[in-house]
1. Within the stretch 18-36, is even one residue farther than 21 Å from Glu108 by Cβ, touching a Ser or Thr at 6+ places or on another chain (Cβ under 6 Å) and open to solvent by 30 Å² or more (accessible area, probe 1.4 Å)?
2. Quick check: anything in the stretch 63-70 in contact with a Ser or Thr (Cβ under 9 Å, 6 or more places away or on another chain), in contact (Cβ under 8 Å) with a residue 12 or more places away in the chain and open to solvent by 50 Å² or more (accessible area, probe 1.4 Å)?
3. What do you reckon, is Thr55 touching a strand residue (DSSP E or B) at 6+ places or on another chain (Cβ under 8 Å), among the polar types (S, T, N, Q), open to solvent by 20 Å² or more (accessible area, probe 1.4 Å) and over 16 Å from Ala93 (Cβ atoms)?
4. Output the residues belonging to the stretch 97-114 that are within 13 Å of the chain's Cα centre (by Cα) and either closer than 15 Å to Val2 by Cα or open to solvent by less than 40 Å² (accessible area, probe 1.4 Å) (or both).
5. For the stretch 6-58: of the residues being in contact with a Leu (Cβ under 9 Å, 6 or more places away or on another chain) and among the hydroxyl-bearing types (Ser, Thr, Tyr), which is farthest from Tyr96 (Cα to Cα)?
6. Contact list please: Cβ distance under 6 Å, first residue in the stretch 106-119 and on the phi < 0 side of the Ramachandran plot and of a type in the set (A, V, I, L, M, F, W, C), second residue surrounded by 15 or more Cβ atoms within 10 Å (Cβ to Cβ) and assigned to a strand (DSSP E or B), pairs at least six apart or on different chains.
7. May I ask you to list the residues in the stretch 2-34 that are hydroxyl-bearing (Ser, Thr, Tyr), modelled with pLDDT of 95 or more and not in a strand (DSSP E or B)?
8. (1) touching a residue at least 24 places away in the same chain (Cβ under 8 Å); (2) surrounded by 17 or more Cβ atoms within 10 Å (Cβ to Cβ); (3) over 17 Å from Gly8 (Cα atoms); (4) more than 10 Å from the chain's Cα centre (by Cα): which one isn't true of Leu49, the others all being true?
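The values are calculated or read from the model by the stated rules, or taken from the named source; none is laboratory data. Just so it is clear, the structure is predicted and the values come from calculations on it, not from any experiment. Using ideal geometry, Cβ is built from the backbone for each residue, glycine included, and neighbour counts are taken over all protein chains shown. The protein model used for the area step is the full one, side chains on, heavy atoms only, and it has no ligands, DNA or RNA in it. Shrake-Rupley method; radii C 1.70, N 1.55, O 1.52, S 1.80 Å.
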Amino acid sequence: QVQLVESGGGLVQSGGSLRLSCTASISGSRVILKTMGWYRQAPGKERELVANIATDGAKDYAAVAAGRFTISRDNTKNTIDLQMTNLKPEDSAVYYCVAGWPHDTNRESDYAYWGQGTQVTVSS
């Protein structure tokens with residue numbers, strides 16, 4: 001059983017920064033989550049991948065995140081962080097933590113576990 005809990009969302013002005021965190025609570029037998037990451041969904045838009053990171057530290061960023069967002073991971077604590085800088089109003093969305101063993105890290109259906117989401121609002 002794996003539960004993902006996000007934190008760190010909120011309201012920030014354009015150009016500001018926020019740090020999102022996600023902790024995976026794992027019960028039962030030892031589970032290693034190969035890939036963890038973040039998706040986001042803005043009102044009226046499709047959900048999109050933001051970034052992901054594997055247990056070996058390999059990272060992948062969507063174009064919207066490259067150069068502004070940094071994903072990091074602590075395998076000992078089963079946590080990931082997403083440091084977001086130079087935020088823009090179009091970054092406003094609900095951000096979801098995801099985890100699992102995806103065959104295709106860009107396919108959201110390949111992620112077995114999802115958090116409840118945390119709201120990020122960037123004012124202009």
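1. There is no residue in the stretch 18-36 that is farther than 21 Å from Glu108 by Cβ, touching a Ser or Thr at 6+ places or on another chain (Cβ under 6 Å) and open to solvent by 30 Å² or more (accessible area, probe 1.4 Å).
2. Within the stretch 63-70, one or more residues are in contact with a Ser or Thr (Cβ under 9 Å, 6 or more places away or on another chain), in contact (Cβ under 8 Å) with a residue 12 or more places away in the chain and open to solvent by 50 Å² or more (accessible area, probe 1.4 Å).
3. yes
4. Within the stretch 97-114, Cys97, Val98, Ala99, Gly100, Tyr111, Tyr113, Trp114 qualify.
5. Ser14
6. Between residues of the stretch 106-119 that are on the phi < 0 side of the Ramachandran plot and of a type in the set (A, V, I, L, M, F, W, C) and residues that are surrounded by 15 or more Cβ atoms within 10 Å (Cβ to Cβ) and assigned to a strand (DSSP E or B), the close pairs are Ala112/Gly100; Trp114/Tyr96; Trp114/Val98.
7. Matches in the stretch 2-34: Ser14, Ser17.
8. The failed condition is (4).
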